[in-house]
Amino acid sequence: MGYQGRFAPSPTGALHFGSLVAAVGSYLDAKHQQGQWLVRIEDLDTPRNVAGAADAILRTLENYGLYWDETVVYQSQRIHLYEVALEQLKKQQVCYPCVCSRKTIAAQQGEGVYSGRCRNGILSPTRQPAAWRLHIDDSIIRFTDRLQGDISQHLATKVGDFVIKRADGVFAYQLAVVVDDAAQGINHVVRGADLLDSTPRQIFLQHQLGLPTPCYLHLPLVVNAQGEKLSKQTLAQAISQQHPVATLYDALCFLQQHPPIELQHSDLTTLWDWAIAHWQPHAITHPA
């Protein structure tokens, strides 16, 4: 299979500049290598979803000339795939139910790694719903990020047994993204560096489920004046629908692609043709 990449936004609000940078980076990396670029809407966390946001994101991508190659998929329509994966992990006896709330965990150990309190069975009977946690072994997860370099993490001491299905019945991001990437044949993941710390968990899950590990590239984050990642929580502004070329030019500058100044006044086709032909991810000199 050739290059298969993706952009996977959550519909928690309008597309902001930080999200656009991730979309542009993933799109250029795919198209420069004559690959496929897919879009997946990660709408599992229903309490955080904003009505109409998914459609607005897709319209914005089209307005900016970011056209996907296959049908858009929605995680909310793929629950059966996550159930199959969870059942596999249960049969392998590498996950277990847990009734420890965040409040309980914080009271016992502060904000540290989960202690494994429920690993050998729930200590006291309760009617409250249980989450499912993945049992972490003592291995060290290592991978080489195309931009950030060699990464290693000892999950047992840095993360501990982590949740793969929440007590409210929502499948956790870590499980869903691993299942979806494998199901869609994703072999290259280009995304923001805020997810770099999650990657070892995803690789561990891939190993447990017998799934392939994609090649990763984590882009620098766009931050506000306070040094905070642009997000709905930090009141990031939606990108303009009126001036896509100017905004895309700014995204290329952020990614240190050094676009010619005349591209600021070009059309979308001309800008994309130049950007795809001249894409150089290693020109980015500010890893996270």
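For the reader, a short list of remarks on this structure follows.
- Of R102, R78, all but one fail to be more than 19 Å from Q237 (Cα to Cα) and at pLDDT below 95; the exception is R102.
- Some residue of segment 42-55 being under 17 Å from D181 (Cβ atoms) and of a type in the set (A, V, I, L, M, F, W, C): yes
- Residue pairs whose Cβ atoms lie under 7 Å apart, separated by 6 or more positions or on different chains, with the first residue in segment 53-65 and within 14 Å of T247 (Cβ to Cβ) and aromatic (F, W, Y) and the second open to solvent by less than 10 Å² (accessible area, probe 1.4 Å) and part of a helix (DSSP H, G or I), are Y64/L248.
- Considering I186, I164, the condition of being touching a Pro at 6+ places or on another chain (Cβ under 7 Å) and modelled with pLDDT of 95 or more is satisfied by I186 alone.
- Taking segment 256-288 as the range and being touching a Gly at 6+ places or on another chain (Cβ under 9 Å) and of a type in the set (A, V, I, L, M) as the test, the residues that pass are L268, L271, I284, A288.
- A search for C-beta distances below 9 Å between a residue of segment 76-90 that is assigned to a helix (DSSP H, G or I) and any residue that is open to solvent by less than 70 Å² (accessible area, probe 1.4 Å) and of a type in the set (S, T, Y), counting only pairs 6+ apart in sequence or on different chains, returns K90/Y96.
- So L38, is it out of contact with any Pro (no Cβ under 7 Å at 6 or more places or on another chain) and either assigned to a strand (DSSP E or B) or of a type in the set (D, E) (or both): yes
- Take the conditions (1) open to solvent by 20 Å² or more (accessible area, probe 1.4 Å); (2) closer than 26 Å to H218 by Cα; P47 misses just one of them, which is (2).
- Residues that are assigned to a helix (DSSP H, G or I) and open to solvent by less than 20 Å² (accessible area, probe 1.4 Å) within segment 250-271 comprise A251, L252, L263, L271, listed in sequence order.
- Selection from segment 54-75 of residues that are over 20 Å from Q184 (Cα atoms) and either in contact with a Cys (Cβ under 6 Å, 6 or more places away or on another chain) or assigned to a loop (DSSP other than H, G, I, E, B) (or both): Y64, G65
- Test: residue in segment 122-137 that is in contact with a helix residue (DSSP H, G or I) (Cβ under 9 Å, 6 or more places away or on another chain), surrounded by fewer than 21 Cβ atoms within 10 Å (Cβ to Cβ) and either among the charged types (D, E, K, R) or free of Cβ contacts under 8 Å to residues at least 12 places away in the same chain (or both): yes
The values are calculated or read from the model by the stated rules, or taken from the named source; none is laboratory data. Note that this is a predicted model, so its numbers are computed, not measured. All Cβ positions, even for glycine, are placed from backbone atoms using ideal geometry, and neighbour counts span all protein chains on display. All accessible areas refer to the heavy atoms of the entire protein, side chains included, with ligands and DNA or RNA removed. Shrake-Rupley method; radii C 1.70, N 1.55, O 1.52, S 1.80 Å.
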